[in-house]
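S.K.: This structure is in structure tokens; I'll ask about it shortly.
The values are calculated or read from the model by the stated rules, or taken from the named source; none is laboratory data. Nothing here was measured: the structure is a model prediction, and the numbers come from that model. Cβ coordinates were reconstructed from backbone atoms using ideal geometry, including for glycine residues, and neighbour counts include every protein chain displayed.
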Amino acid sequence: MFAILVFVALAVSANGQNCGEPLSGASGTFASPNYPDRNYPHNSNCQWDIVVASGAKVLLQFSDFALEGPSVFQSGGPCVDYVEIYDLFAPNYFVGKWCGDDKPPIYLSASNNLVVRFVSDWITKDRGFQASYSTFGGTVTTTTATPVACGSPAISPSLARVVGGTTAVANSWPWMASLAKYGAHACGGSLIAPGWILTAAHCFDGASYTSQWTVRLGSHTRESTDARQQNIGVQRIVIHEGYNGASSSDNDIALLKLNHDATINNYVSPVCVAPGEFPSQTSCYISLIPLLRYLRRAKERERNHPGKLIISLTACLMYHYFTGANFQIVMADQLQQGEVEIIDWNTCNSANWYGGDVSSNMLCAGWPMGQTDACQNDSGGPLVCKSGRKWYQAGVVSWGHGCAQPNKPGVYTDVMKYQSWIQTKMAQYP
């Protein structure tokens, strides 16, 4: 690693047009020399060292990109004018090299430090590039000034594998939010920053006035107000511009700007937003505002008739038994949780599953035979997956056919696809 650092540090003092600078603000823009008035010069060697607040990450994106392409003397040859990205604390420190019109994708760093390098040769010149960066995530502060990082519950959740789910340990999912419409729970959500809630756009179909909504944080019980509970009004509802309603549920994502920041403590803290895709068969969790419906003597029948009981984690947990027995409805009074797995997108979209209704902005999670699922009134709630020591929100509860039916898992808005949108909107309404 030391040799790598020395190499990158020396790049800026190479021959030719020195350029680039340290960038340490919360956000900013930079561009190749002469952009946009004229082409970049020959023999450029530029380096931008981007450092944001400790505990945060750098979100980098290029708005324009036109460099000389690969060597004409060799088919598919190396880039001669190029941009390189180095993420010095990532497992693979060298992110990649780009040239021609091959614009680098949006990139989220592994730490608060990112290096961008631009090199041109002595022959052909082109328009160049423009890029911007912003601060993503970071460390928030409690009322006692103790740092609390995102995705790190002070109270550890119980991850026991219970078919259909179980009651959560109180405040072990500290980002869980209940969105109350006129005082009654209507949707779920998640705290992703002290003043911001991530949820589903369809929660606000016909109910888009901020005065209708209150966000409850730190609550574990349904009927009573917890001593640790925070009730905060909504200042702004930001619905994705591409949301097209129930016709396809695409872009089913929204943000709520709170009237004031939540108090971050051991019982209320934010979840991290997923920086990338989680592969299929990744074990993840959903946490849901409780309402428990079950059949009389369901547990005894499960023991007597194994395999014939499908347990569904709904707004709520719902036990379905196929004997036509009468329902008995009992309200659970505490937050519920359930384990699900990420399901391969192609499988979920196949003919005998959802038959093409799952867009590229969605992901599926559950089990092929049902068992555990999110259902009505769970909308907007978080699907979280653990990576290393942190929990990341991979999905927002969006839609599905029935509850916990075979080949009909829950469909979630894929949060990773909306990183830039989330960051842009949070910056737009500080």
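S.K.: Taking the options Asp344, Asp378, Asp357, Asp414, name whichever one is modelled with pLDDT under 90 and acidic (Asp, Glu).
M.R.: On the way: Asp344 fails: modelled with pLDDT under 90; Asp357 fails: modelled with pLDDT under 90; Asp414 fails: modelled with pLDDT under 90.
Answer to the check: Asp378.
S.K.: Scan segment 131-184 residue by residue and report those that are assigned to a strand (DSSP E or B), at pLDDT 90 or above and surrounded by fewer than 18 Cβ atoms within 10 Å (Cβ to Cβ).
M.R.: Within segment 131-184, Ser132, Lys181 qualify.
S.K.: Show me the strands (runs of 3 or more DSSP E) found entirely inside segment 1-78 where at least 1 residues are modelled with pLDDT of 85 or more and of a type in the set (A, V, I, L, M).
M.R.: 27-31, 44-51, 57-66
S.K.: Shifting gears a bit: For segment 225-237, check the following and say yes or no: at least one residue is among the acidic types (Asp, Glu) and touching a residue at least 40 places away in the same chain (Cβ under 8 Å). Show your work before the answer.
M.R.: Going through segment 225-237, the residues among the acidic types (Asp, Glu) turn out to be 226.
Within this subset, residues satisfying the condition of being touching a residue at least 40 places away in the same chain (Cβ under 8 Å) are none.
Checked against the condition, which is being among the acidic types (Asp, Glu) and touching a residue at least 40 places away in the same chain (Cβ under 8 Å), segment 225-237 yields no hits at all.
S.K.: Within segment 218-238, count every residue that is buried (at least 20 other Cβ atoms within 10 Å of the Cβ) and either of a type in the set (Ser, Thr, Tyr) or modelled with pLDDT under 95 (or both).
M.R.: Residues meeting the conditions: 3.
S.K.: Let me ask you something else. Return yes when Ser208 is among the hydroxyl-bearing types (Ser, Thr, Tyr), in contact (Cβ under 8 Å) with a residue 12 or more places away in the chain and under 30 Å from Ser387 (Cβ atoms) and no when it is not.
M.R.: For Ser208, the condition - among the hydroxyl-bearing types (Ser, Thr, Tyr), in contact (Cβ under 8 Å) with a residue 12 or more places away in the chain and under 30 Å from Ser387 (Cβ atoms) - is not met.
S.K.: If we keep just the residues of segment 79-129 that are assigned to a loop (DSSP other than H, G, I, E, B) and of a type in the set (Gly, Ala, Ser), which is farthest from the chain's Cα centre (by Cα)?
M.R.: My answer is Ser120.
S.K.: Now a separate question. Within segment 199-240, count every residue that is within 25 Å of the chain's Cα centre (by Cα), farther than 14 Å from Ala262 by Cα and assigned to a strand (DSSP E or B).
M.R.: 6
S.K.: Right, here's the next one. So, in segment 251-280, exactly how many residues are outside any strand (DSSP E or B) and either surrounded by 21 or more Cβ atoms within 10 Å (Cβ to Cβ) or in contact with a His (Cβ under 9 Å, 6 or more places away or on another chain) (or both)?
M.R.: Step one: of segment 251-280, the residues outside any strand (DSSP E or B) are 251-253, 259-263, 265-271, 274-280.
Retained after the next criterion (residues that are either surrounded by 21 or more Cβ atoms within 10 Å (Cβ to Cβ) or in contact with a His (Cβ under 9 Å, 6 or more places away or on another chain) (or both)): 251-253, 262, 267-271, 274, 278.
The qualifying residues number 11.
S.K.: Looking at segment 381-411, which of the residues that are assigned to a loop (DSSP other than H, G, I, E, B) and touching a Lys or Arg at 6+ places or on another chain (Cβ under 8 Å) is modelled with the highest pLDDT?
M.R.: Gly400
S.K.: Yes or no: His185 touching a residue at least 60 places away in the same chain (Cβ under 8 Å) and under 16 Å from Ser379 (Cα atoms)? Quick ask: steps written out before the conclusion?
M.R.: Working: touching a residue at least 60 places away in the same chain (Cβ under 8 Å): yes; under 16 Å from Ser379 (Cα atoms): yes.
So His185 fits the description; yes.
S.K.: I need the full set of residues from segment 185-210 which are over 22 Å from Met426 (Cβ atoms) and either in contact with a Ser or Thr (Cβ under 6 Å, 6 or more places away or on another chain) or at pLDDT 90 or above (or both), in order please.
M.R.: Within segment 185-210, His185 is the sole residue that qualifies.
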